[in-house]
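The values are calculated or read from the model by the stated rules, or taken from the named source; none is laboratory data. Since we're looking at a predicted model, the values are computed, not measured. With ideal geometry, Cβ positions are generated from the backbone for all residues, glycine too; neighbour counts draw on all protein chains shown.
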């Protein structure tokens, strides 16, 4: 007797031709990584990338505020296949763009990227076993392309609309208001009084950059206005071990050792924060106290939550604290009453004078790049679907996306997701199938769990639009890279959940043979 997979393939209809086997949406870290993994692991599959912007880089092309840099080390934010060669492991935006551009040029990926193409619709047709993707160019014209598999590397936040805190009196302010996501190229802050609202990675990057004498005269003074303090982790911008190993070992081996060391250290610190938070609190507090000395202010640097309940804020070479010690920066912990003509009135009664206000108040998350996705004409409501293997979604065929780790580098997830998708594609080729669907017949059988055990505002504001998370694999977006790496690289592709088949005949066509057989 033939097995069910063979019967399904035999009964399926022929898949319609496509423009490419895999269409990658986004030419940032996730998209570029997928392209390279396809070249290495699924070389027989054709692929193309579409990018809404005029250049590659994603986040690193969008954000142009002063000091833009990685918020994790580049030996883990870099790809598994391409060593990070710069001396600094906490790298600035231009260095990261150089890294990405070198990869796409050396591997001849640039010619596969269609720039200025915003995806405005993606439609799956089971009868044809393919996606039809609608794109809009810079002039507003539309075009379509087809693919067997759709891979979203579009990031996790809204490129068009950052979080708006709706500050009262905003229109009364007579100075300039800037959001880091839309930083003006010609903004002159020399000698100006600046207030940066926020206490996350963006704010802590902008403050020292606007006051660093190496960048020119800089602002007269920058005040970071925070509602809630953040946990800071101070570390050197250069990885001494990495730079030493590169001198004595082959580059790939040195990178592999450094990457392993940093992954383990990230995991140890995270696990320690969850099991013995008081020890991590003490360590981080002592770091800041030692750096600031008599400038240390417990109110400003003691968050009301434990480390890693929100993402730790990295401070390379203690630059943020050095700006405070030079009297070029300060931290105020208070709530905003309103903006007025000359600055910000605080609820405590204090007033912050400002020429420029920077609203580093956070991002707005977006699912699937805000692209309307339909399966056989039905719009996909992502909040009704479960994650599968941290990259696919229940009952959505031939579709994958990347949402990086919150407790580790984004690229760690991007790498293993790309490797896993290549394994699935290779399995489909070996079995003669064209459709792969994570089948969840009974969602009620799963126990739903908070998708992110983090209290960050941008996470909490977006839970209602996010896909569902179960309390056990494979139906979850896991936050354990070491476990995921083993599962994604070695776990069985045919696991009893991921179903493989071929193009499905429309219902009217499928009923006709059945009626003839009955007669």
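Annotations
- Subset of the range 103-130 [farther than 16 Å from residue 61 by Cβ and without any contact (Cβ under 8 Å) to a residue 12 or more places away in the chain]: 106, 108, 111
- Matching residues in the range 302-321 - criterion: being assigned to a loop (DSSP other than H, G, I, E, B) and either within 20 Å of the chain's Cα centre (by Cα) or surrounded by fewer than 22 Cβ atoms within 10 Å (Cβ to Cβ) (or both): 302, 303, 304, 305, 306, 308, 309, 310, 311, 312, 317, 318
- Residues of the range 392-408 satisfying the condition of being at pLDDT below 95 and farther than 16 Å from residue 157 by Cα: 407, 408
- Residues in the range 343-364 that are touching a helix residue (DSSP H, G or I) at 6+ places or on another chain (Cβ under 6 Å) and either surrounded by fewer than 19 Cβ atoms within 10 Å (Cβ to Cβ) or more than 18 Å from residue 207 (Cβ to Cβ) (or both): 363 alone.
- The range 273-287 - residue that is modelled with pLDDT of 95 or more and touching a helix residue (DSSP H, G or I) at 6+ places or on another chain (Cβ under 7 Å) and, of those, surrounded by the fewest Cβ atoms within 10 Å (Cβ to Cβ): 279
- Those residues of the range 417-435 which are surrounded by 18 or more Cβ atoms within 10 Å (Cβ to Cβ) and not in a helix (DSSP H, G or I), in sequence order: 433, 434, 435
- The set of residues from the range 77-117 being assigned to a strand (DSSP E or B) and within 28 Å of residue 140 (Cα to Cα) comprises 113, 114.
- Going through (1) part of a helix (DSSP H, G or I); (2) over 30 Å from residue 169 (Cβ atoms); (3) within 33 Å of the chain's Cα centre (by Cα) one by one, residue 324 falls short only on (2).
- Count of the range 143-197 residues, restricted to those that are buried (at least 19 other Cβ atoms within 10 Å of the Cβ), assigned to a helix (DSSP H, G or I) and more than 18 Å from the chain's Cα centre (by Cα), is 0.
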